[in-house]
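Reviewing the structure listed below.
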Amino acid sequence: MKHIAISKVFIHSFLILIAISYSSCTNEEDCCSPKTPKDSSFDREAMLTQWAENMIIPAFEDYSSALKDLAVAQDNFAADPSADQLAAMRDDYINAYLAWQSVSLFDIGRAESIALRNKSNIFPTSEEKIAANIESSDYNLELPSNFVAQGLPAIDYLLYGIADEDADILNILSEPNYELYLATLINRLDVITDDVLTDWKDNYKAEFISNQASSATGSIDKLVNDAIFYYEKFLRAGKIGIPAGVFSGNTIMAAIEAPYSGIYSKEFFDEGLNSFQNFFNGTSVTGRPDSQSLRHYLDYLGAEKDGVLLSELINDQLNKARTAAIELSGDLQNQIYKDNSKMLNTYDELQKAVVLLKVDMLQALNIKVDFVDADGD
Amino acid sequence: MKSHFAGSILIIFGSLFFISCEKNIPIDPDRSEIIVPDSYTFVRDGQSTVSFSGQTTRIGMATELISAMTDFSKTETGLLEMYMNKTVDGSEANPYANDAYNESSKSVKSKVAASADFFSANTSESATIKADFESWIIAQSKEVSANENEFATPGNAGQIADGSSARYVNAQGLEYDQAVNKGLIGALMLDQILNNYLSPSVLDAGQNIEENNSSTLADGKNYTTMEHKWDEAYGYLFGFSDSPEDPIATLGSDDNFLNKYLGRVDSDDDFAGIGLSIFNAFKLGRAAIVGQDYELRNEQAATIKQELSKVVAIRAVYYLQHAKLALPTNQDDSAYGSAFHDLSEGFGFVYSLRFTHDITSGLSYFSTDEVNAMISDLTEGRGFWDITPEKLDAISKTIAAKFNFTIEQAGD
């Protein structure tokens, strides 16, 4: 009995000791940088509303409408498989791919549950799987193994890469089984995007805006994580780092985005970077003035690093990445071939922002990272 | 408190001693000096005495086997031949892309659970373990390959998305290729290194000590048998390196087995330097054999046994903890892919714990029953579909308790 009492006292004083040392730590942090967020007077609802109404839904509307144009162009091509119709279809395809760059980072809600990104833009695409699907006509595009045989990258292959000469591409795409596969891919993108857009408007918007909790399942925590995940994996690594050989040590030219059309790959990267920065600054697709986004939230909290506003550091760094990318050829494959060091420079600038976003910003906003780095095997 | 203090002094003293003996130190004035080279380079009469071609051959065969397991054009027979390097009825087979492996009489299977210390008088367990691998290989073909184009659901094999990749799992969520890959790290690499080649029963077998003392070479070779046994242990860890005499620069990228995961553990700040310390122990132990200092040799073997056992345990905890983070928050069946992949790797590393070596007991850190209990915890009921964070923490705790690392250190 006595023994137990003594150990209880001991444990208590031990806990108090821990508590004291813990609180002294946090006090110290508080004194030097205002890192404690959760000031409930920041209008989280206004931010979520701005995101949903002026950024996310308009971006999906643009993308959806670009896909509908592409579907029409494909119909026209089917009716009249001519060089002109092929050119028109390619134009609409590029517009759709550009519009995709502004929705990719919003992998939340219906987009997340149906794996929209996996079905829209996994590259490099598999020529082999596409050929097998066209050959067998018995395939299930819902299967994960078919992520690499559908979406915008597969369309890039069909429209630009299935033969060397345009005349041959035209002939091949006029064959019924090829035409059917192309139509299937385009219609599928249209259908799944509509599904996401409709859900945003009819259901998810209300849920998204009302879920203001500051927790792992709250809308802000989730979307900020999604945006950083997008930045790290799809923008930094997918568009630049992987093809430039940052992770493998060898350049992988075939791993650039849209390698068959080629000349748009740099533009797609720029658009992705802009979309991310627009999200950060609350710049709406519809051209309204910036309002209520992460930049405002950070400024509201007074988040600084080394005496400079964190939001400024982040914008400066994203601008540096954009400036580094000015040096790149429009065709990133060509750039890797000519001078990969410029790709690596761009990567390095992109990487510097990862720390600001993932460490400093998340700490200031008191958001936990909800994804782990896969170890790649 | 007191004993910990004494322990740290010992460690500090030990490392001082270790640093200072990097170069030539006379261990015993009557004996030759121990000369430790900078790289794993040992020569006699101007010729290298290091050889481990049998080990690189088996790593190569195992590499081909693993990649064939997710190539669904391969047949069950074809996969089994890659495991046995024989046809199923025991005649010559040529299952490998690399012809040198086809010409070899060696196989993966013959060295699975085949160490002198653990299995020479325990052939029934050895046979059970060999058969486990065989059953996973067969099931990959019968269950998973057959369902290649189906969705995995509880109770049904098929594919499931892990990010943008497709993973192919059995009815319980296990990827058999991962079970074989990570299981071989224990059953082949760890068992052969720790429980066979670094064991005095192998190093000192027959006339090995006398021959080593008199520099009597193995028939037609430039090495003594003892030197060669040590090198064979080294080969299972570093043999696939582009520069095996100096393997630290590329540590982790030389194979998909023990080297890879030593590299992974080494790149965790909590365990930084473990790769180099294992390499140094191999080097010093080999130099000790040349210098005929068997006590020093055994000390290095003990370090290697302890550290490599720890590496496998760390990785087991790592994957179980990562699986915990990857478990879906909703009950959507299609969201389990990332967790299943971690669990499949974790399953293989847990299985591999059977082949760890505790130098105080001379036995595995985990008995067969303990490992089987953890495996059945992971696979009971609907298997990975039913896994809970609590269960993963409990198993992690069981593993970490035997070593001087925490779940947090291993899990990040």
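The values are calculated or read from the model by the stated rules, or taken from the named source; none is laboratory data. The structure displayed is predicted, hence computed values, not measured ones. Positions of Cβ are backbone-derived with ideal geometry, glycine not excepted, and every protein chain shown enters the neighbour counts.
Quick check on B:Ser105: is it over 19 Å from B:Gln178 (Cβ atoms) and part of a loop (DSSP other than H, G, I, E, B)? First the steps, then the outcome.
On the way: over 19 Å from B:Gln178 (Cβ atoms): yes; part of a loop (DSSP other than H, G, I, E, B): yes.
It is true that B:Ser105 is over 19 Å from B:Gln178 (Cβ atoms) and part of a loop (DSSP other than H, G, I, E, B).
In segment B:150-164, is there at least one residue being in contact with a Leu (Cβ under 9 Å, 6 or more places away or on another chain) and away from every other protein chain (no Cβ under 14 Å)?
no
With the condition kept exactly as written, say whether any residue in segment B:296-309 is within 14 Å of chain A (Cβ to nearest Cβ) and aliphatic (A, V, I, L, M). First the steps, then the outcome.
Applying the first criterion (within 14 Å of chain A (Cβ to nearest Cβ)) to segment B:296-309 yields none.
Checked segment B:296-309: no residue is within 14 Å of chain A (Cβ to nearest Cβ) and aliphatic (A, V, I, L, M).
Is it the case that some residue within segment B:326-337 is surrounded by 24 or more Cβ atoms within 10 Å (Cβ to Cβ) and either within 11 Å of chain A (Cβ to nearest Cβ) or touching a Ser or Thr at 6+ places or on another chain (Cβ under 9 Å) (or both)?
First, pick out the residues of segment B:326-337 that are surrounded by 24 or more Cβ atoms within 10 Å (Cβ to Cβ): B:336.
Within this subset, residues satisfying the condition of being either within 11 Å of chain A (Cβ to nearest Cβ) or touching a Ser or Thr at 6+ places or on another chain (Cβ under 9 Å) (or both) are none.
The answer is no; no qualifying residue exists.
Quick one: would you say A:Ser341 is of a type outside the set (Phe, Trp, Tyr) and part of a helix (DSSP H, G or I)?
Working: of a type outside the set (Phe, Trp, Tyr): yes; part of a helix (DSSP H, G or I): yes.
Yes, satisfied.
Return yes or no: is A:Leu116 among the hydrophobic types (A, V, I, L, M, F, W, C) and touching a Lys or Arg at 6+ places or on another chain (Cβ under 9 Å)? Show your work before the answer.
On the way: among the hydrophobic types (A, V, I, L, M, F, W, C): yes; touching a Lys or Arg at 6+ places or on another chain (Cβ under 9 Å): yes.
Considered against the rule, which asks whether it is among the hydrophobic types (A, V, I, L, M, F, W, C) and touching a Lys or Arg at 6+ places or on another chain (Cβ under 9 Å), A:Leu116 comes out as yes.
Tell me whether segment A:44-63 contains one or more residues that are over 30 Å from A:Ala364 (Cβ atoms), modelled with pLDDT of 95 or more and crowded, with 21+ Cβ neighbours inside 10 Å. Even if it seems obvious, please write down each step before you answer.
Of all residues in segment A:44-63, those over 30 Å from A:Ala364 (Cβ atoms) come to A:61-63.
When the remaining residues are screened for being modelled with pLDDT of 95 or more, the result is A:61-63.
Subset that is crowded, with 21+ Cβ neighbours inside 10 Å: A:63.
Among the residues of segment A:44-63, at least one is over 30 Å from A:Ala364 (Cβ atoms), modelled with pLDDT of 95 or more and crowded, with 21+ Cβ neighbours inside 10 Å, which makes the answer yes.
Examine segment B:367-381 for a residue that is outside any helix (DSSP H, G or I) and within 14 Å of another protein chain (Cβ to nearest Cβ), and state whether such a residue exists. Write out each step before concluding.
Pass one, segment B:367-381, residues outside any helix (DSSP H, G or I): B:367, B:380-381.
Of the ones still in play, those that are also within 14 Å of another protein chain (Cβ to nearest Cβ) are none.
Within segment B:367-381 (the criterion being outside any helix (DSSP H, G or I) and within 14 Å of another protein chain (Cβ to nearest Cβ)), the answer is no, since none of the residues qualifies.
For segment A:211-321, please list each of the helices (runs of 4 or more DSSP H) lying entirely inside it that holds at least 2 residues being more than 21 Å from the chain's Cα centre (by Cα).
On the way: elements: A:219-229, A:265-281, A:294-301.
Answer list for segment A:211-321: A:294-301.
Tally time: how many residues in segment A:87-146 are more than 12 Å from every other protein chain (Cβ to nearest Cβ) and either among the aromatic types (Phe, Trp, Tyr) or not in a helix (DSSP H, G or I) (or both)?
Going through segment A:87-146 one residue at a time, the tally reaches 12.
Inside segment B:344-362, can you point out the residues that are away from chain A (no Cβ under 14 Å) and in contact (Cβ under 8 Å) with a residue 24 or more places away in the chain? Steps first, please.
First, the residues of segment B:344-362 that are away from chain A (no Cβ under 14 Å): B:347, B:350-362.
If the condition is that a residue be away from chain A (no Cβ under 14 Å) and in contact (Cβ under 8 Å) with a residue 24 or more places away in the chain, then B:Phe347, B:Val350, B:Tyr351, B:Ser352, B:Leu353, B:Arg354, B:Phe355, B:Thr356, B:His357, B:Asp358, B:Ile359, B:Gly362 are the ones that fit.
Give me the helices (runs of 4 or more DSSP H) completely within segment B:1-99, filtered to those with at least 3 residues that are at pLDDT below 60 and surrounded by fewer than 16 Cβ atoms within 10 Å (Cβ to Cβ), ordered by residue number.
Numbers: elements: B:2-20, B:53-69, B:76-84.
The helices (runs of 4 or more DSSP H) meeting that bar are B:2-20.
Looking only at residues in segment B:241-297 that are of a type in the set (Ser, Thr, Tyr) and assigned to a helix (DSSP H, G or I), which one is nearest to B:Asp204 (Cα to Cα)?
Keep residues of segment B:241-297 that are of a type in the set (Ser, Thr, Tyr), which gives B:241, B:243, B:250, B:253, B:261, B:267, B:277, B:294.
So of that shortlist, the ones also assigned to a helix (DSSP H, G or I) come out as B:261, B:277, B:294.
Values: B:Tyr261: 30, B:Ser277: 24, B:Tyr294: 10 Å.
Taking the candidates together, the pick is B:Tyr294.
Of the residues in segment B:310-325, how many are within 12 Å of another protein chain (Cβ to nearest Cβ) and of a type in the set (Lys, Arg)? So that I can check it myself, show each step before the final result.
If we filter segment B:310-325 for residues that are within 12 Å of another protein chain (Cβ to nearest Cβ), which is where we start, we get B:315, B:318-319, B:321-325.
Checking which are of a type in the set (Lys, Arg) leaves us with B:315, B:324.
Counting residues in segment B:310-325 that are within 12 Å of another protein chain (Cβ to nearest Cβ) and of a type in the set (Lys, Arg) gives 2.
Based on this model, can you work out whether A:Ala78 counts as in contact (Cβ under 8 Å) with a residue 24 or more places away in the chain, away from chain B (no Cβ under 14 Å), more than 20 Å from A:Ile169 (Cα to Cα) and part of a helix (DSSP H, G or I)?
Details: in contact (Cβ under 8 Å) with a residue 24 or more places away in the chain: yes; away from chain B (no Cβ under 14 Å): yes; more than 20 Å from A:Ile169 (Cα to Cα): no; part of a helix (DSSP H, G or I): yes.
Spelling it out, it is not the case that A:Ala78 is in contact (Cβ under 8 Å) with a residue 24 or more places away in the chain, away from chain B (no Cβ under 14 Å), more than 20 Å from A:Ile169 (Cα to Cα) and part of a helix (DSSP H, G or I).
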